[in-house]
């Protein structure tokens, strides 16, 4: 893909960029001519990803170690990036974790971790990047939520709660930010082919009995996993068009529309669909 005029010479920070959606976004941005900082708590992973991209985009890709739970570290990275390049055009608050299991089995530590990474991590990115963009009079904040931020998601309740929060943050901030020349979009992907599909809950948290296999449950109830590279192209096309919500792929849009048309139908059929998925070997 040749450089895209919308992204050519733009400066972007992507969190959670060592793998999955974040790495795919960074790769798509670099291909379209942007300068990209790949930030991740997995410093070695972000450096490997940056090294892979650097061959195709020399001088436009760099890596940084970043725990999005650390507000000061997020602010420092944003300020440093803006100072080094003279501007910050795109902030992709993408880092996130899964959190699965029946709510009765989860401890407060599980809820806190989901909130700290998935919601506070996005808040930290917004608080760091938004003032920079307001001063510039331009910029685009892109927050990664999930289809679980738009519809109920049993067995993923802490995850769904945080992703609903990201959607609310993004759509509300978008209305304020327009007056300052700043754009805000939120990405709500369905089932995406990433390492997150096969990960358990964070290993340093108490084990949870009967944690469902995320890949099995989601693909049986929603649809086949969509390639992360295809998602990244969809996202950047949506960003270029300044779409407020980027819901992709097709299976995600269908479920979202069904829920909007009849919330009760999905809520009442959800338990049956979940039980069927689990009986078919999703655990």
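The values are calculated or read from the model by the stated rules, or taken from the named source; none is laboratory data. All values reported here derive from a predicted model rather than from experimental measurement. Don't worry about glycine lacking a Cβ; one is built from the backbone with ideal geometry, like all the others, and counts go over all protein chains shown.
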Given (1) touching a residue at least 24 places away in the same chain (Cβ under 8 Å); (2) touching a helix residue (DSSP H, G or I) at 6+ places or on another chain (Cβ under 7 Å), number of the condition residue 258 does not satisfy:
(1)
Would you be able to say whether some residue in the stretch 7-20 is surrounded by fewer than 16 Cβ atoms within 10 Å (Cβ to Cβ) and within 30 Å of residue 207 (Cα to Cα)?
no
Return the residue satisfying two criteria in turn: it lies in the stretch 53-63 and is touching a strand residue (DSSP E or B) at 6+ places or on another chain (Cβ under 9 Å) and more than 20 Å from residue 78 (Cα to Cα), and of such residues it is modelled with the lowest pLDDT.
57
I'd like the full set of residues that are surrounded by fewer than 19 Cβ atoms within 10 Å (Cβ to Cβ) and more than 14 Å from the chain's Cα centre (by Cα), limited to the stretch 184-207.
198, 199, 200, 202, 203, 204, 205, 206, 207
Being out of contact with any strand residue (DSSP E or B) (no Cβ under 7 Å at 6 or more places or on another chain) and at positive phi is the filter here; which residues of the stretch 137-164 pass it?
137, 155
Within the stretch 181-192, residues in a loop (DSSP other than H, G, I, E, B) and under 18 Å from residue 153 (Cα atoms) come out as 190, 191
From the list 238, 216, which residue is assigned to a helix (DSSP H, G or I), in contact with a strand residue (DSSP E or B) (Cβ under 8 Å, 6 or more places away or on another chain), touching a residue at least 12 places away in the same chain (Cβ under 8 Å) and crowded, with 16+ Cβ neighbours inside 10 Å?
238
Filtered residue count, the stretch 193-210, keeping only those that are under 18 Å from residue 154 (Cα atoms) and either in contact with a helix residue (DSSP H, G or I) (Cβ under 8 Å, 6 or more places away or on another chain) or at pLDDT 90 or above (or both)
8
Looking at this structure, is residue 223 surrounded by fewer than 18 Cβ atoms within 10 Å (Cβ to Cβ), assigned to a helix (DSSP H, G or I), modelled with pLDDT under 95 and in contact with a helix residue (DSSP H, G or I) (Cβ under 7 Å, 6 or more places away or on another chain)?
no
Looking for something part of a helix (DSSP H, G or I) and either farther than 12 Å from residue 98 by Cβ or out of contact with any strand residue (DSSP E or B) (no Cβ under 7 Å at 6 or more places or on another chain) (or both) - is there at least one such residue anywhere in the stretch 199-213?
no
